[in-house]
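A.B. asks: For reference, the structure I am asking about is given below.
The values are calculated or read from the model by the stated rules, or taken from the named source; none is laboratory data. The structure displayed is predicted, hence computed values, not measured ones. Here the Cβ is made from the backbone with ideal geometry for all residues, glycine too, and neighbour counts use every protein chain on show. SASA here: full protein model, heavy atoms, side chains in, ligands and nucleic acids out. Shrake-Rupley method; radii C 1.70, N 1.55, O 1.52, S 1.80 Å.
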Amino acid sequence: MRTEKDKYIPALSYDWLTAFYDPVVRWTTREKTFKHRLLQQANIQPAHRVLDLGCGTATLTIAIKQAVPKATVEGLDGDAKILAIARDKARQAGVEIHFDEGLSYQLPYTDTVFDRVVSSLFFHHLTTENKLQTLREVRRVLKAGGELHIADWGKPHSSIMRAASFPVRLLDGATTADSFDGLLPRYLQEAGFVDVRTGEHYATMFGTLWLYQAQQPE
Ligand SMILES: C[S@@+](CC[C@H](N)C(=O)[O-])C[C@H]1O[C@@H](n2cnc3c(N)ncnc32)[C@H](O)[C@@H]1O
């Protein structure tokens, strides 16, 4: 029997839609703008080891490596099919990125190894239980003083954005409810992160995208 913990939602909710992921995201989410801003917010340095959690087709992962070529950049995703697209894109871009297949709530890394964990359009895929377990895992793999930087759907900032978010709520199901209720900052605090901040937000065709950041205590 599948449990709440087993719930896995592919990039566009259905496996057969994965091939269309990049154009859909590019045209509907102001992707260039918010991923560029997320990258700036993360302030990645050449000596950093960085994990892109739920990296999908690796658009952000590749952008990080291109912006800071000396950083060690890795991507993790639970979907082998999307990782094949990611590896192909990285090869075409001529950048060296290590990709792992794995689940965010059981990260295949030893403790305190990353300076930054970044994540975009990912946390709303997780049940509340898995969001909390994933945040505990991110804390486990981050070095002291390391940072988590997130871009994801959050509380709609207008009634138009509330209506716009309906298709994502419908496609991704109940896991999105706490994201759209704006609960992620509270979960970050509950997981023991400090200096939890909510950053800029963006109106998109599918609702309000928010940037968040949080720090592993020193
Ligand atoms: C909407 S896509 C976002 C991809 C990419 N970060 C981006 O911004 O375009 C969400 C990704 O999370 C992955 N995913 C969902 N649940 C996961 C889990 N528990 N662990 C790892 N990856 C997961 C999916 O396979 C999918 O590639």
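A.B. asks: Run S159 past the list (1) surrounded by fewer than 20 Cβ atoms within 10 Å (Cβ to Cβ); (2) under 24 Å from G199 (Cα atoms); (3) within 13 Å of the ligand (Cβ to nearest atom); (4) not hydrophobic (A, V, I, L, M, F, W, C) and report the number of the one that doesn't hold.
C.D. replies: Checking S159 against (1) surrounded by fewer than 20 Cβ atoms within 10 Å (Cβ to Cβ); (2) under 24 Å from G199 (Cα atoms); (3) within 13 Å of the ligand (Cβ to nearest atom); (4) not hydrophobic (A, V, I, L, M, F, W, C), the one that fails is (3).
A.B. asks: Counting only residues that are more than 10 Å from the ligand (Cβ to nearest atom), hydroxyl-bearing (S, T, Y) and either on the phi > 0 side of the Ramachandran plot or modelled with pLDDT of 90 or more (or both), how many does segment 9-56 have?
C.D. replies: The first filter runs over segment 9-56 and keeps only residues more than 10 Å from the ligand (Cβ to nearest atom), leaving 14, 16-17, 19-20, 23, 27-28, 30, 32-33, 36-37, 39-51.
When the remaining residues are screened for being hydroxyl-bearing (S, T, Y), the result is 14, 28, 33.
Retained after the next criterion (residues that are either on the phi > 0 side of the Ramachandran plot or modelled with pLDDT of 90 or more (or both)): 33.
Counting residues in segment 9-56 that are more than 10 Å from the ligand (Cβ to nearest atom), hydroxyl-bearing (S, T, Y) and either on the phi > 0 side of the Ramachandran plot or modelled with pLDDT of 90 or more (or both) gives 1.
A.B. asks: Still on this structure: Check off (1) at pLDDT 95 or above; (2) closer than 22 Å to T134 by Cα; (3) not hydroxyl-bearing (S, T, Y) for V68 and give me the number that stays unchecked.
C.D. replies: (2)
A.B. asks: Going through segment 80-125 one residue at a time, which ones are touching a residue at least 24 places away in the same chain (Cβ under 8 Å) and more than 25 Å from I9 (Cβ to Cβ)?
C.D. replies: A93, V95, E96, T110, D111, T112, V113, D115
A.B. asks: While we're looking at this one, here's another question. Out of all the residues in segment 170-181, is one or more surrounded by 18 or more Cβ atoms within 10 Å (Cβ to Cβ) and outside any helix (DSSP H, G or I)?
C.D. replies: Within segment 170-181 (the criterion being surrounded by 18 or more Cβ atoms within 10 Å (Cβ to Cβ) and outside any helix (DSSP H, G or I)), the answer is no, since none of the residues qualifies.
A.B. asks: Scan segment 111-127 for residues that are assigned to a helix (DSSP H, G or I) and either away from the ligand (no atom under 13 Å from the Cβ) or at pLDDT below 95 (or both) and jot them down.
C.D. replies: Of all residues in segment 111-127, those assigned to a helix (DSSP H, G or I) come to 123-125.
Within segment 111-127, H124, H125 qualify.
A.B. asks: Can you name the residue in segment 42-57 that is over 14 Å from the mean Cα position of the chain (by Cα) and not hydrophobic (A, V, I, L, M, F, W, C) and, of all such residues, is least open to solvent (accessible area, probe 1.4 Å)? Walk me through it before giving the result.
C.D. replies: Initial filter on segment 42-57 (over 14 Å from the mean Cα position of the chain (by Cα)): 43-49.
Within this subset, residues satisfying the condition of being not hydrophobic (A, V, I, L, M, F, W, C) are 43, 45-46, 48-49.
Working: N43: 89, Q45: 79, P46: 71, H48: 27, R49: 70 Å².
Looking at the filtered set, the residue picked out is H48.
A.B. asks: Consider E137 carefully, then state whether it is farther than 16 Å from T198 by Cβ, touching a residue at least 40 places away in the same chain (Cβ under 8 Å), among the acidic types (D, E) and in a helix (DSSP H, G or I).
C.D. replies: Details: farther than 16 Å from T198 by Cβ: yes; touching a residue at least 40 places away in the same chain (Cβ under 8 Å): no; among the acidic types (D, E): yes; in a helix (DSSP H, G or I): yes.
So E137 does not fit the description; no.
A.B. asks: Of the conditions (1) free of Cβ contacts under 8 Å to residues at least 24 places away in the same chain; (2) crowded, with 16+ Cβ neighbours inside 10 Å; (3) not β-branched (V, I, T), R37 fails just one. Which one is it?
C.D. replies: The one condition R37 does not meet is (1).
A.B. asks: Take the residues in segment 58-110 that are open to solvent by 40 Å² or more (accessible area, probe 1.4 Å) and assigned to a loop (DSSP other than H, G, I, E, B); name whichever of them is nearest to the ligand (Cβ to nearest atom).
C.D. replies: L103
A.B. asks: Now for a different question. Based on what the data block shows, is E147 surrounded by fewer than 18 Cβ atoms within 10 Å (Cβ to Cβ), under 30 Å from T110 (Cβ atoms), among the charged types (D, E, K, R) and touching a residue at least 24 places away in the same chain (Cβ under 8 Å)?
C.D. replies: Working: surrounded by fewer than 18 Cβ atoms within 10 Å (Cβ to Cβ): no; under 30 Å from T110 (Cβ atoms): yes; among the charged types (D, E, K, R): yes; touching a residue at least 24 places away in the same chain (Cβ under 8 Å): yes.
Against the criterion (surrounded by fewer than 18 Cβ atoms within 10 Å (Cβ to Cβ), under 30 Å from T110 (Cβ atoms), among the charged types (D, E, K, R) and touching a residue at least 24 places away in the same chain (Cβ under 8 Å)), E147 does not qualify.
A.B. asks: Every residue in segment 130-144 that is open to solvent by 10 Å² or more (accessible area, probe 1.4 Å), within 24 Å of K7 (Cβ to Cβ) and basic (K, R), please. Break it down into steps so the answer makes sense when it comes.
C.D. replies: To start, the set of residues in segment 130-144 that are open to solvent by 10 Å² or more (accessible area, probe 1.4 Å) comprises 132-133, 136-137, 139-140, 143-144.
Still in the running and within 24 Å of K7 (Cβ to Cβ): 132-133, 136-137, 139-140.
The answer is R136, R139, R140.
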